[in-house]
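The values are calculated or read from the model by the stated rules, or taken from the named source; none is laboratory data. Remember, it's a predicted structure, so these values are computed and weren't measured experimentally. Cβ: placed from backbone, ideal geometry, glycine included. Neighbour counts: every protein chain shown.
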Amino acid sequence: MNIQILLLQARHAEDPMALHEQECFAESCGIDLEQITPFDLLDRRPTMEEILRFDALMVGGSGDFYVTRGNLPGFEELLAIFREVVEVGHPTFASCFGYQCLVAALGGVLVHDTDATEVGTYSLSLTAAGREDPLFGFLPSNFNAQLGRKDRATAHPAGIPNLAESERSPFQALRIPDKPIWATQFHPELDRKTNQDRYQHYLEGYARYMTSELPQEMESRFDTSREASQLLFRFLELVFD
C-alpha cells in the first residue's frame, strides 16, 4: 500500500521504545518502516498543514507522560490540534495515550487509576456499537488485546460511541461518527512479544505499584491477540482501498 503516515510520539529521544514503536506500527500496518514518519511531541506540536501532508495520522503511547497529569510539554496545544483533526476529518488511528488525548480534547473524562492498571493481554468485548462499526465489526464478540496503561476513561465525549470494554475499564475504543477517525485504549500495534518487550523496558515504572512477587507473575499475563493486531491493517484497507 503506497501511503505515508505521520506518527506522533511522546517518548524521550534516547528511549529505544521510540524506534520500537515505529517498527510496531509499520509491521501492524503491513507497510515499510520508511512509510512511517515519526514526529517528536517533546520537541514541538505539529501544525495542521504538516499533518495534512500525510495520508493518515497515527498516535502511539507514551513513556513518562500522562493525560491526567498534563505533563507533556505543550499539552493544551496538542489537544487543540486533536480538535482540528476531528473537525477536518483527517484519517486517524490513535492508541493508548493517543486515545486518551482524543477523549480529553473532546470533553470526555479520564482518571489515573493504578488499582485498575491493565498491563499484559486482556479479554475485551465488543459493545453493540462496536458490532455495528465498519472497522470493529470483523472482530469476534470477545477478543484478546494488548494493554499497558494506568490512566483510563470513565466517560466518552458526548455523542462518541464506545466500541469495546474490558472488566477493568468499560471504555476501550471509540470512533468519531461519520469520520475516518478511530482510537483504542489498547495497543493494536503490539503483539504478545512486543508488548512483553515494552513491559520489560518500563518495568521500573510499573513495579512501584506491585508487590515484590507480582512482576514475575505478570509474565504469565501475556498472550496472543491475533484479531486485535489486524486492526491497523484493516483500518488502512477500509479508508484507502
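Within region 50-59, the set of residues being of a type outside the set (D, E, K, R) and either modelled with pLDDT under 95 or surrounded by fewer than 19 Cβ atoms within 10 Å (Cβ to Cβ) (or both) comprises just one member, LEU52.
Looking across region 2-28 at every residue that is of a type in the set (A, V, I, L, M, F, W, C) and either out of contact with any helix residue (DSSP H, G or I) (no Cβ under 8 Å at 6 or more places or on another chain) or on the phi > 0 side of the Ramachandran plot (or both), the one that is modelled with the lowest pLDDT is identified as ALA13.
For region 109-149, residues that are within 17 Å of the chain's Cα centre (by Cα), under 23 Å from THR68 (Cα atoms) and loosely packed, with under 15 Cβ neighbours inside 10 Å total 3. Listed by first and then second residue, the pairs linking a residue in region 180-198 that is under 20 Å from ALA104 (Cβ atoms) to a residue that is β-branched (Val, Ile, Thr) and surrounded by 24 or more Cβ atoms within 10 Å (Cβ to Cβ), with Cβ atoms under 6 Å apart and 6 or more places separating them unless they lie on different chains, are ILE181/THR92. Screening the candidates GLY63, GLY98, GLY74 for the property of being in contact (Cβ under 8 Å) with a residue 12 or more places away in the chain, buried (at least 22 other Cβ atoms within 10 Å of the Cβ), under 16 Å from ALA10 (Cβ atoms) and of a type outside the set (A, V, I, L, M, F, W, C) yields one hit, GLY98. Of the residues that sit in region 83-95 and are among the aliphatic types (A, V, I, L, M) and over 14 Å from the mean Cα position of the chain (by Cα), which one is surrounded by the fewest Cβ atoms within 10 Å (Cβ to Cβ)? That would be VAL88. Does ALA80 qualify as being out of contact with any Ser or Thr (no Cβ under 6 Å at 6 or more places or on another chain), without any contact (Cβ under 8 Å) to a residue 60 or more places away in the chain and either surrounded by fewer than 18 Cβ atoms within 10 Å (Cβ to Cβ) or closer than 25 Å to GLU27 by Cβ (or both)? Considered against the rule, which asks whether it is out of contact with any Ser or Thr (no Cβ under 6 Å at 6 or more places or on another chain), without any contact (Cβ under 8 Å) to a residue 60 or more places away in the chain and either surrounded by fewer than 18 Cβ atoms within 10 Å (Cβ to Cβ) or closer than 25 Å to GLU27 by Cβ (or both), ALA80 comes out as yes. Within region 5-57, the residues that satisfy the criterion of being within 21 Å of PRO73 (Cβ to Cβ), part of a helix (DSSP H, G or I) and touching a residue at least 40 places away in the same chain (Cβ under 8 Å) are MET17, GLU21, MET48, GLU50, ILE51.
In region 92-100, is there at least one residue being closer than 12 Å to VAL67 by Cβ and assigned to a loop (DSSP other than H, G, I, E, B)? The answer is yes, given that some residue of region 92-100 is closer than 12 Å to VAL67 by Cβ and assigned to a loop (DSSP other than H, G, I, E, B).
Of the helices (runs of 4 or more DSSP H) lying entirely inside region 141-241, those containing at least 2 residues that are modelled with pLDDT under 95 are 192-201, 203-207, 214-218.
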